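The values are calculated or read from the model by the stated rules, or taken from the named source; none is laboratory data. Here the structure is a predicted model, which is why all the values come from computation and not from measurement. For neighbour counting, all protein chains shown are included, and Cβ atoms are generated from backbone atoms with ideal geometry for every residue, glycine included. Side chains included, ligands, DNA and RNA excluded: accessible areas come from the protein's heavy atoms. Shrake-Rupley method; radii C 1.70, N 1.55, O 1.52, S 1.80 Å.
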Amino acid sequence: MSVAVLLERLKSRGEALFREVLDEVSKREVTLLLFGSRARGDYNILSDYDLLAIHRGTPLEGRGLIVNVFNVDVRELDEEVYRSPLVFSAVMTGHVILDKLNIKQHLSELRRRLTRDGGRVEGDKIILPKRTAGS
């Protein structure tokens with residue numbers, strides 16, 4: 001089997017696993033952010049899918065190395081963005097692809113607050129915000 005055929009199969013498998021996660025999420029109360037290379041648009045055929053699942057209750061499961069799902073409870077989101085570089089980066093750079101929790105406006109306000117508090121993502125460098133009064 002040629003390398004081209006193997007790569008095409010890998011691409012198809014990744015897309016199928018991503019669709020599985022979307023099908024599962026569509027039945028649940030979850031807000032889903034796509035971040036990383038797939039969100040930036042600089043992915044390649046071997047790139048994985050990085051998802052932040054903001055949920056109430058049961059976390060969402062990923063699909064091995066191809067579809068990575070990172071979970072945060074919606075009640076802990078505002079604290080986690082100050083503690084976790086991964087959650088911070090996903091919130092700051094990710095794209096909402098599903099919003100069953102109806103928090104898209106809150107995410108926009110949270111991004112503004114994080115930027116005001118000095119947080120930013122510069123390429124591979126993540127600068128966590130410093131908490132200020134009112135944060």
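Taking the chain as the reference, fit the longest principal axis to its C-alpha atoms, fit the long axis of helix 3-25 to the helix C-alpha atoms, and give the angle between the two in degrees, 0 to 90, nearest 10.
50
Loop-only trypsin sites (Lys or Arg not before Pro) in segment 1-63, please: DSSP not H, G, I, E or B, and at most 10 other Cβ atoms within 10 Å.
Sparse-neighbourhood loop trypsin sites (Lys or Arg not before Pro): LYS27.
Distance between the C-alpha centers of segment 6-47 and segment 86-135? Whole Å please.
Cα centroid to Cα centroid, the span is 21 Å.
Out of (i) 9.3; (ii) 8.6; (iii) 10.4, which label holds the value of mean projected area of the Cα convex hull in nm² that was computed here?
Only one option fits the structure, namely (ii).
Please report the carbon-and-sulfur percent of the accessible area for the chain; probe 1.4 Å, protein heavy atoms only, DNA, RNA and ligands left out.
Whole-percent figure for carbon plus sulfur exposure: 52.
Would you mind working out the accessible area per residue for segment 48-135, using a 1.4 Å probe, and quoting it in Å²?
Result: 55 Å² of accessible area for each residue.
How high is the relative contact order of the chain? Use alpha-carbon pairs under 8 Å, at least six apart in sequence, and give a whole percent.
Value for the chain: 22 percent.
Could you name the lysines in cross-link range of LYS104, using Cα to Cα under 28 Å and dropping any fewer than eight places away on the same chain?
Hits, sequence-local ones excluded: LYS27, LYS125, LYS130.
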